[in-house]
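The structure appears right after this line, and notes come after that.
The numbers here are math on the coordinates, done by the rules we state, and not lab data. Everything numeric in this text was worked out from a predicted model, so none of it was measured. In this analysis, Cβ positions are derived from the backbone assuming ideal geometry, glycine residues included, and neighbour counts consider all displayed protein chains.
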Amino acid sequence: MHEEEGGSNISTSMMLKRLFLLLGISLTVTIVGYNTILDIKQSVACSVFIAIILGTLFFWSFRLAIAFIGLAVLIFTHSLNIPKFVESAALPVILFLVGMMIVVGALRDLGFFTWVVQMIVSMPKISARKFIATTAVASALLACAVDEVTSIIFISTLIFQVCDRLKLNPSPYIIICVLCTNVGSAGTMMGNPVGIFVGTRAGLTFEDFMIWSFPIMLVCLMACIVTTLLYYRKDLDEFDEKLKDRLSRDLGLAPKIDVPYKQGLVVLILTVLFIASHHQLEKLLSLEKNSILLIAPLICSGLIMLFKHDRARYYVEREVDWWTLLFFMLLFAIAGTLEHTHVTSLMAEKFSTVCGASQLTLIPLIMFVSAIGSAFVDNVIFVAAFCPIIEELSSSVNVFPLWWALLFGACLGGNITMIGSTANIVALGMLEKRAKTHIRFFEWLKIGVLSAIVTLLIAWVLIVGLRVEAT
Amino acid sequence: MESKKLQFHDFVAVGNVLCGLKSRESFGAISELSSVLCSNNAGLDSSEIASLVIEREKLFPTVIAPGLAVPRARIEEINSPLVAIGTSREGIDFKDGGAPVKIVIFVLTPKSDPSIHLQLLSALARDFSDTALFEKMSQSRSPSELLEAFGSHSLEKIPDYLTARDIMRKNGLLTLSESNTLSDAIRIFATQGIFDIPIVDEDKDIRGMISMEDVMRLSLPEHLLWMDDLSPILRFQPFAELLKNEKETKITDIMREDFVSVDVSVPAVQVAKIFIVKKVRLIIVTESGKLAGTVRLQEFIRKFFWE
């Protein structure tokens with residue numbers, strides 16, 4: 001289901017240039033690091049990590065190969081051993097994502113997503129702004145409930161369908177929805193792999209997310225919708241005209257059908273409720289914190305596979321995005337090496353000597369750094385490396401608000417560039433395949449930066465405000 | 001392989017040429033040529049072979065170019081191809097609706113070499129792409145004159161292997177242009193037993209393809225296809241809108257651009273593989289990027305396994 005952007009067409013000489021640049025930078029880091037403050041293991045860990053970052057930037061379609069080889073380098077140089085690898089690979093996070101992907105497969109089969117799309121296209125008194133705003137909210141909420149990549153796949157299909165009927169260029173509307181999906185993905189721990197990773201590292205519960213990130217996300221979402229609707233007002237006027245024309249000819253946007261949605265809705269609600277009640281259940285059964293959170297999707301998907309046993313293998317083999325999950329596993333392990341070799345504690349030390357140990361300076365700083373970082377590399381990479389730093393800081397400062405700063409920085413920063421988050425890449429891939437249109441880097445950057453600044457400022461103010469209330 | 005050096009006319013003996021066929025209709029002409037061939041080759045039953053070729057001719061007329069017919073059959077009794085040629089000044093009616101046939105090339109190929117007839121036909125088609133050859137042969141007064149004309153014009157070697165060019169259909173291709181509408185496509189699908197139609201422009205550049213499924217897909221939007229089981233949706237009136245504006249809907253709005261195409265030089269075995277792997281029924285054959293012909297799965301099966 002998850003669509004992958006095919007190997008981008010870059011020439012061999014370009015590939016070689018990038019390869020040398022990658023090796024050059026990562027070796028320079030090793031040499032400089034070794035000759036200054038790092039020992040050999042630390043510098044190898046740093047250089048492999050930087051190679052992975054550059055690898056995903058330069059050779060997106062080779063990222064898994066680079067991660068595999070990087071892991072081997074770490075093992076050969078004694079920077080990482082197998083038990084430590086297993087420990088930092090974040091298997092519970094991976095299993096959580098596997099479980100959610102299987103649930104998504106079942107929801108698709110049961111017509112839940114079909115129902116959402118059908119509801120949107122057949123809404124009464126439809127107008128361009130109403131349609132796009134509803135779609136944007138739906139994409140954000142779907143991202144909260146399942147995950148951002150799933151959300152954007154279904155929402156993009158809706159936009160393509162409508163734009164096909166109206167003979168419109170879908171690019172502006174795809175951009176609006178992707179931006180809103182990324183904002184929405186910060187709302188819960190299911191929204192983005194970053195959420196569940198931060199949640200497990202910081203020991204945050206689903207309720208914490210509902211109290212902290214969900215309301216902040218809602219405000220950011222409204223701001224993002226308003227910003228993008230204003231930015232694309234001319235396109236929306238054209239949309240409105242064509243829509244009115246079509247409606248006046250008594251033609252709809254889709255055939256009128258009643259989609260059976262109840263089963264799918266029940267499955268989704270039960271899954272979300274189960275995940276939401278994890279903290280209560282853990283207390284009740286005196287289980288370790290977040291243990292139910294991590295296995296709740298597995299229980300749900302287990303039940304689904306029991307009921308739909310003829311589809312179980314299909315769900316596991318086709319609905320689970322093993323490619324990405326394997327990449328995450330290795331990424332977590334490689335970022336874990338930075339922790340084991342104490343690179344992160346060194347960085348935390350520098351961090352607090354440079355900017356002090358005040359929440360008020362650390363919140364915007366972490367947001368800013370993680371936003372810029374996630375704009376250019378996969379935000380999971382960035383967060384995986386940043387989490388241990390925040391853990392180290394906890395000795396000198398109350399880091400609770402810093403986790404939210406990291407989460408919002410990473411999720412909202414993904415909006416800045418077209419390669420900032422997986423959802424962007426997936427949506428652009430679909431746009432190229434379906435509508436044969438490309439979005440230029442700077443075309444995205446303009447609205448991306450604008451919406452990121454607006455939402456980041458709001459998130460900053462709200463985190464600082466809520467922090468006062470919480471203390 | 002001996003056919004490497006051979007050309008089509010090498011298979012024709014002077015004794016197997018008849019200048020001035022008596023019959024004015026195809027079956028009679030076939031019988032005449034069959035008896036000439038069988039009288040020169042012991043052990044062949046003329047009437048049996050003639051009826052075999054006539055049966056085949058009834059199903060698919062073998063006129064491969066205006067005025068040129070190649071009635072043929074595969075038989076067990078021979079080890080190498082046998083060819084007879086007959087000409088007719090007045091022309092013979094081959095019941096294909098086209099011009100009267102002036103040259104009949106009667107071909108028997110051994111069953112043990114199942115693709116030789118396609119290789120022969122391929123060389124023959126290329127020989128006759130030069131219309132001067134057709135003129136000279138049909139004007140010939142004696143078998144030796146005819147063979148001399150054939151020998152001096154015929155340059156094409158019998159190919160070692162078959163390519164897309166040899167198995168594709170070149171003439172009478174059914175295509176649509178971008179200005180056609182959905183209703184044109186629906187009419188063809190509904191009445192002609194055709195599943196896929198290439199869309200080409202005036203320069204023979206291929207713009208896309210439309211298949212029966214594309215029409216179906218138009219009425220079943222993609223978000224419905226996400227569901228595993230559509231049987232709970234009982235009341236479904238998807239076609240109303242489709243019928244409402246089929247005359248307005250341009251082909252370009254529904255055609256696919258992900259058609260499968262091969263170059264004329266691609267070997268037949270690769271074409272066969274594409275049919276299996278890509279699960280298509282029609283492969284577009286291109287020459288320097290332009291439409292040269294099409295290979296339909298049904299025609300492929302017929303040519304290789306049935307003819």
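When both region A:355-416 and region A:59-111 are represented by their alpha-carbon centers, they are found 22 Å apart. The simple Förster model, with R0 at 25 Å and r as the Cβ-Cβ distance, assigns A:N35 and A:K350 a FRET efficiency of 0.90. Each listed q (0.12, 0.15, 0.23 Å⁻¹) maps to a log10 I(q)/I(0) for region A:344-471 from the Debye sum over equal C-alpha point scatterers, namely -0.49, -0.70, -1.28. Of all the stretches in chain A, which is the longest one without any exposed loop site, taking trypsin sites (Lys or Arg not before Pro) in a DSSP loop (any state but H, G, I, E, B) with at most 13 other Cβ atoms within 10 Å? Here the longest run is A:250-435.
Modelled spin labels at A:S277 and B:T191, positioned 7 Å past Cα toward Cβ, are 6.5 nm from each other. Beyond a 30 Å Cα-Cα separation, which of these cross-linked pairs lie in this structure: B:K157/B:K290; A:K242/B:K204; A:K283/A:K350; A:K167/B:K290; A:K256/A:K433? Violating the 30 Å limit, Cα to Cα: A:K242/B:K204; A:K283/A:K350.
Spatially, region A:161-185 and region B:59-114 are offset by 61 Å when compared through their Cα centroids. Listed from fewest to most Cβ neighbours within 10 Å, the set A:E148, A:E432 follows the order A:E432, A:E148. Please work out whether region B:2-160 counts as rounded, prolate or oblate from its C-alpha gyration tensor, where a ≥ b ≥ c are the square roots of the eigenvalues and a/c under 1.5 means rounded, while otherwise a/b larger than b/c means prolate and anything else oblate? Rounded, because the longest to shortest axis ratio a/c is under 1.5.
Across the alpha-carbon atoms of the protein assembly as shown, the computed radius of gyration and Dmax are 35.1, 113 angstrom. Taking a ≥ b ≥ c as the square roots of the eigenvalues of the Cα gyration tensor, region B:146-230 is prolate, since a/c reaches 1.5 or more and a/b is larger than b/c.
Arranged from fewest to most other beta-carbon atoms within 10 Å of their beta carbon, A:C220, A:C300, A:C411 become A:C300, A:C220, A:C411. Summary value for chain A: 22 percent relative contact order, contacts being C-alpha pairs under 8 angstrom separated by 6+ residues. Per-residue Cβ neighbour counts within 10 Å put A:I425, A:I37, A:I176 in the sequence A:I37, A:I425, A:I176, beginning with the fewest. Over region A:180-298, the hull volume per residue, using the convex hull of the C-alpha atoms, is 136 Å³. Among the trypsin sites (Lys or Arg not before Pro) within region B:84-148, those in coil by DSSP and having at most 15 neighbouring Cβ atoms inside 10 Å are B:K95, B:K111, B:R141. Build a GNM of chain B with springs between Cα atoms under 10 Å apart, and of B:A164, B:A84, B:A190 the one that fluctuates most is B:A190. If I take R0 = 56 Å and measure r between the Cβ atoms of A:S122 and A:N81 in this structure, what FRET efficiency does the formula 1/(1 + (r/R0)^6) give, to the nearest 0.05? Calculated value: 0.45.
Each label was represented as a point 7 Å from its Cα along the Cα-to-Cβ direction; for B:I301 and A:T12 these points are 4.3 nm apart. Over all Cα pairs of region B:130-183, how is the pair count split among 5 Å bins, expressed in % and running from 0 up to the last occupied bin? Per 5 Å bin, starting at 0, the Cα pair percentages come out as 4, 14, 14, 12, 14, 13, 10, 6, 6, 4, 3, 0. For region B:155-214, the list of GluC sites (Glu not before Pro) that fall in a loop by DSSP and count at most 10 other C-beta atoms within 10 angstrom reads B:E202. The GluC sites (Glu not before Pro) of region B:69-126 that DSSP puts in a loop, and whose beta carbon has at most 10 other beta carbons within 10 Å, are B:E76. Between the helical axis of A:40-58 and the longest alpha-carbon principal axis of chain A there is an angle of about 20 degrees. Counting every C-alpha pair in chain B, the share spaced more than 37 angstrom apart comes to 28%. Within chain B, the longest run free of chymotrypsin sites (Phe, Trp or Tyr not before Pro) that sit in a DSSP loop with at most 14 other Cβ atoms within 10 Å is B:1-160. Axis of helix B:116-127 versus longest Cα principal axis of chain B: the two differ by about 90°, to the nearest ten degrees. Less than 5 angstrom separates the built amide H of B:A292 from those of B:V285, B:T286, B:E287, all sequence-distant by 5 or more or on a different chain. Here the protein assembly as shown carries DSSP beta bridges of which approximately 65% are antiparallel, counting only pairs with both residues inside.
Close amide H contacts of B:Q7 (hydrogens built in the peptide plane, cut-off under 5 Å, sequence separation of 5 or more or a different chain): B:I158. Placing pseudo-labels 7 Å out from each Cα toward the beta carbon at B:L155 and A:L230 gives an inter-label distance of 7.4 nm. Please state, as a whole number in µm²/s, the translational diffusion coefficient that the Stokes-Einstein equation yields for region A:1-79 at 25 °C and 0.890 mPa s, with Rh defined as the Kirkwood radius across alpha carbon pairs. My calculation gives 183 µm²/s for D.
Computed over region B:182-306, the Cα gyration tensor eigenvalues convert (square root of 5λ each) into semi-axes of 30, 19, 13 Å, ordered from largest to smallest. With the alpha-carbon atoms of region A:168-244 aligned to their principal axes, the span from lowest to highest coordinate is 50, 19, 18 Å, starting with the largest. Ellipticity at 222 nm from helices only: DSSP H runs of n ≥ 4 in the protein assembly as shown, each -39500 (n - 2.57), divided by the residue count, give -19000 deg cm²/dmol.
Taking square-rooted eigenvalues a ≥ b ≥ c of the alpha carbon gyration tensor, is region B:1-92 rounded, prolate or oblate, where a/c under 1.5 means rounded and, failing that, a/b exceeding b/c means prolate? Rounded shape, in that the Cα axes give a/c under 1.5. Considering only beta bridges that DSSP places wholly inside region B:2-160, some 50 percent are antiparallel.
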